[in-house]
Amino acid sequence: MRYLAMRFVDDGLFGEIPEELRFYIDYEAIARDLAVDYSETEIAGTRLIYRCA
């Protein structure tokens, strides 16, 4: 989930965040929030994240 949180921030889903502020982002907290709507599993060594809604 942490990887998904980082991708969402990088892709701009939380708006434009200046580089100097990215050190203060709590990716673990975002990951916990994402775990409500997303789930992850591993199949044949490949990790998959999918939306449960």
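Since every read-out is calculated from the coordinates, none of them should be taken as a lab result. Keep in mind that what you see is a predicted model, and the values were worked out from it rather than measured. Using ideal geometry, Cβ is built from the backbone for each residue, glycine included, and neighbour counts are taken over all protein chains shown.
Can you tell which of GLY45, GLY12, ALA29 lies farthest toward the positive end of the dipole of the stretch 2-51, using +1 and -1 charges on the Cβ of basic and acidic side chains (Lys, Arg; Asp, Glu)?
GLY45
If neighbour count is taken as other Cβ atoms inside 10 Å, put PHE8, PHE23 in order from fewest to most.
Ascending Cβ contact count within 10 Å gives the list PHE23, PHE8.
Over the Cα atoms of the chain, each weighted equally, I'd like the Debye log10 I(q)/I(0) at q = 0.13, 0.22 Å⁻¹, rounded to two decimals.
-0.35, -0.84
Looking only at LEU13, LEU34, LEU21, which one moves most when the chain is put into a Gaussian network model with springs between Cα atoms under 10 Å?
LEU21
What relative contact order, as a whole-number percentage, does the chain give when Cα pairs under 8 Å and 6 or more residues apart are counted?
35
Measure off 7 Å from each Cα along the Cα-to-Cβ vector at THR46 and MET6, then give the distance between these two points in nanometres to one decimal.
Those two pseudo-labels are separated by 2.1 nm.
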